[in-house]
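All of the numbers you see were taken from the coordinates with simple rules; none came from a lab. In this text, all values refer to a predicted model and were calculated from it rather than measured experimentally. Virtual Cβ from ideal backbone geometry, glycine too; neighbours counted across all protein chains shown.
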Amino acid sequence: MAPWPTLTPNSKTSELTHRSWDYPVRNFLGAFNYDRWPYGYGIGTTALGGQYVARFFNAKPPVVGVESGYGALVVEMGIGGLVLWIVMSLAITVSAWKVVKKLKGSPLFPLGFVIFWYALFLLFPATFGGIQSYEDFLLNAYFWLSLGVLFRLPTIALSTQFAANTTAAQPRRRWIR
């Protein structure tokens, strides 16, 4: 039997709905089964390296954790941490969208739009599915550096436009031989 029937929505053996929606939502809601969900267990308690730190200090590894990214935020920082994460994510994406709108019609618009799309994807669906995408050092560094580039793009576009206008406005000089 081919593996593709598990991804076909109308197949009897389809896992698409379970893997794309039911499982992540169930994991997110599972974060509220822990006693300390209002204020969390502390930053890093659901990180992948927790078992190594616990072994180094001869301590019992934490037994808390969920696979959902938003659920991991609830387990680590409580419901307030999740709310702050969503507020931060909304602030970043709204600010990035305002910059992208300023770039409309400029040659830098596609670059700005791709950076906005990456930020939107990383902060919302990828983090909801699992915090690993945000905790990845390369993806995180790329995210913050590209945001810096995005917020600088309007001044770059204006400086190139200003340079093009000043060279066009200068009169041509004729050299006498």
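Calculate the dipole size of region 14-167 relative to its Cα centre from +1 charges on Lys and Arg beta carbons and -1 charges on Asp and Glu beta carbons; express the result in debye to the nearest 20.
Values: 10 positive and 7 negative charges, 96 e Å.
Roughly 460 debye, rounded to the nearest 20.
Each residue of region 28-36 is assigned a 3J(HN,Hα), and the resulting list reads 4, 5, x, 5, 7, 7, 7, 5, 9 Hz, derived from the Karplus form 6.51 cos²θ - 1.76 cosθ + 1.60 (θ = phi - 60°), x at Gly and Pro.
A simple rule links phi to the HN-Hα coupling: the Karplus curve 6.51 cos²θ - 1.76 cosθ + 1.60 with θ = phi - 60°, which for region 10-21 gives 9, 7, 5, 9, 5, 10, 4, 5, 4, 7, 8, 10 Hz, with x for Gly and Pro. The ranking of K98, K12 by Cβ neighbour count inside 10 Å, starting from the fewest, reads K12, K98. Between T8 and V87, residue separation times 0.36 nm minus the direct Cα-Cα distance comes to 24.9 nm.
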